[in-house]
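What follows is a short report on a single structure.
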């Protein structure tokens with residue numbers, strides 16, 4: 001009996017350590033691959049210049065157009081997504097009755113939307129675009145990516161607001177607060193969760209290629225208005241990696257490195273702000 | 001037992017939650033500026049009854065409330081009632097303290113701000129007044145801008161009481177307000193309740209008989225959603241008429 005339990009315990013412990021090593025190992029391998037191939041091409045030019053003529057066959061320039069384009073799209077989509085998902089989440093949690101029919105349907109909808117692959121959003125965005133006679137543009141890209149991130153934002157924020165104790169609303173109502181004033185308290189309470197949601201959404205938005213493939217277009221210049229097409233980092237990686245020229249392929253890894261770095265910075269700053277802003281959280 | 005001009009009068013109140021009959025034909029008068037306790041075993045409906053007084057049950061679905069709750073003679077389940085201002089008349093102290101996610105100062109100032117006091121000077125006075133009234137001022141005066149979440153749980157409960165008092169209620173509802181507290185904090189809350197009796201009508205839900213005895217003027221004993229007996233503290237605890245009350249008070253049922 002004792003021996004069997006010891007072996008059992010040892011076996012599962014080994015399994016857990018192994019699983020952890022695989023995950024940590026994969027992350028290191030990914031970082032190593034993009035760093036070793038991309039580092040040599042990661043010059044100041046890559047970050048600070050737009051492609052010059054012949055860039056895609058190995059001549060000078062950089063991918064500033066894609067960096068800026070990706071930032072525009074992911075920031076735009078996250079802001080727009082927040083503006084849509086926060087009211088929905090507040091409605092479901094504060095305005096609708098607890099576990100009401102409408103609230104449950106809304107949550108189910110988000111679960112389904114969450115599972116839809118991004119290429120489907122891309123195709124949907126493309127159809128809408130064609131229907132309205134829009135061309136591939138920054139605006140169309142932002143709208144399509146917004147569709148992609150709304151379920152991410154809404155689910156994550158809903159999760160934290162639901163976790164807030166119901167007695168908190170009893171307390172505000174007892175003080176004579178309206179539902180809107182109560183909503184504000186819940187948002188305050190949920191700040192760390194909202195920041196995590198923003199981070200998730202931003203990471204997904206900046207890294208997704210399929211949604212922007214048909215909708216944002218691709219161009220060598222930095223867009224100056226919402227109606228212009230824009231390059232994005234995932235597509236910059238895709239196009240360069242498909243090149244037979246090694247130098248261009250390496251630039252794809254440099255672009256991947258930049259993308260990873262941006263996500264890393266966002267993660268770390270989100271953690272920092274989340275700590276600062278949640279000092280009053282109960 | 002009835003009173004001439006009760007602060008709260010409950011008439012033929014029935015509450016169903018999800019098909020269960022939680023409160024059955026409740027009729028009770030809560031006297032003005034006295035402390036009335038609801039006692040009874042877990043699940044007897046005492047908290048539900050308390051929550052019908054400021055309409056906190058409304059938010060749940062499948063809740064059906066029939067009958068009347070008259071506060072100062074006005075039915076709070078009436079058509080024209082404005083729930084927000086009605087609730088403001090009643091402070092609520094829950095089982096565990098729930099400070100708002102903000103500073104100590106802002107917790108107290110929250111209610112007055114909602115209701116139109118915005119001048120810093122007036123708020124300063126209010127904050128000091130209510131923190132003093134709940135014995136917190138000396139403990140927290142140097143960290144008013146610190147987070148309320150950092151206070152001990154006993155301090156948090158007194159903060160919640162101060163926060164409730166700051167909207168100038170007439171009635172204070174306590175839902176087992178000391179059940180999460182240590183003995184010393186409990187004693188402080190109890191002392192506050194005894195002081196508050198002069199100015200406010202207090203309704204307390206408790207499962208601690210000794211606490212009910214120390215604090216209450218009147219006690220209602222609830223069992224399975226019904227009020228079994230209601231009367232002055234001594235009568236209920238020492239000379240109960242009903243057999244169920246006798247058994248509960250002696251500890252045979254709980």
Query raised in the report: Quick one: helix B:104-114 against the long Cα principal axis of chain B, what's the angle to the nearest 10°, folded into 0 to 90?
Result: 70 degrees
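Wrap a convex hull around the Cα atoms of the range A:72-215, take a quarter of its surface area, and give that in square nanometres. Walk me through the numbers before you get to the answer.
On the way: hull surface 35.0 nm².
One quarter of the hull surface, i.e. the mean projection, equals 8.8 nm².
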Query raised in the report: So which residue, out of A:155, A:98, A:107, gets the largest mean-square fluctuation from a GNM of chain A using Cα contacts under 10 Å as springs?
Result: A:98
Query raised in the report: What is the projected area of the convex hull of the Cα atoms of chain A, averaged over all directions, in nm²?
Result: 21.3 nm²
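Do me a favour and compute the ellipsoid semi-axes for the range A:2-41 from its Cα gyration tensor, root of five times each eigenvalue, largest one first, whole Å.
On the way: eigenvalues 292, 4, 3 Å².
Whole-Å semi-axes of the equivalent ellipsoid: 38, 5, 4.
Counting other beta carbons within 10 Å of each Cβ, put B:191, B:168 in order, fewest first.
Numbers: B:191 12, B:168 15.
Ordered from fewest to most neighbouring Cβ atoms within 10 Å, B:191, B:168 come out as B:191, B:168.
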Report summary line: Final fewest-first order of A:12, B:193, A:214 on the 10 Å Cβ neighbour count is A:12, A:214, B:193
Report summary line: With the convex hull built on the alpha-carbon atoms of the protein assembly as shown, volume per residue in Å³ sits at 234 Å³
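For residue A:109 and residue A:40, compute 0.36 nm times the residue count separating them, minus their Cα-Cα distance, and round to one decimal in nm.
Contour length minus Cα-Cα distance gives 20.2 nm.
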Report task. For chain A, with a Gaussian network of springs between Cα atoms less than 10 Å apart, report the residue from A:103, A:35, A:24 with the top mean-square fluctuation. Result -> A:24
Query raised in the report: For the Cα atoms of chain B, what angle does the longest principal axis make with the long axis of helix B:153-165, in degrees from 0 to 90, nearest 10?
Result: 90 degrees
Requested in this report: Can you grab the distance from the C-alpha centre of the range B:106-169 to the C-alpha centre of the range A:26-102, Å, no decimals?
Outcome: 44 Å
Query raised in the report: What angle, in degrees between 0 and 90 and rounded to the nearest 10, separates the Cα long axis of helix A:101-115 from the longest principal axis of the Cα atoms of chain A?
Result: 30 degrees
Report summary line: A student asked for the Cα radius of gyration and Dmax of chain B in angstrom ought to give 18.4, 57
Report task. Could you give me the radius of gyration and the Dmax of the range B:1-117, taking only the C-alpha atoms into account and expressing both in angstrom? Result -> 15.7, 45
**Report entry** DSSP-defined beta bridges in the protein assembly as shown - what % are antiparallel, rounded to 5
**Finding:** 55 percent
**Report entry** Paramagnetic reach from residue A:246 in the range A:23-55 [backbone N under 14 Å; point 7 Å along Cα→Cβ]
**Finding:** A:37-38, A:40-41
Requested in this report: Once you've got the GNM for chain B with C-alpha springs shorter than 10 Å, pick whichever of B:142, B:32, B:182 has the biggest mean-square fluctuation.
Outcome: B:142
Query raised in the report: Within the range A:50-89, what residues put their amide N at less than 19 Å from the label point 7 Å along the Cα-to-Cβ vector of residue A:178?
Result: A:87-89
Report task. Go ahead and run the numbers for FRET between residue B:64 and residue B:121, Cβ-Cβ distance against an R0 of 51 Å, rounding to 0.05. Result -> 0.60
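Set the Förster radius R0 to 51 Å, insert the Cβ-Cβ distance between residue B:207 and residue A:269 as r into 1/(1 + (r/R0)^6), and round the FRET efficiency to 0.05.
Numbers: r = 49 Å, r/R0 = 0.96.
Efficiency, from the Cβ-Cβ distance: 0.55.
Quick note: the coordinates plus some simple rules give every number you see, no bench work behind them. What you see is a predicted model; the values in this text were computed from it and never measured. As a convention, Cβ positions derive from the backbone with ideal geometry for all residues, glycine included, and neighbour counts pool all protein chains shown.
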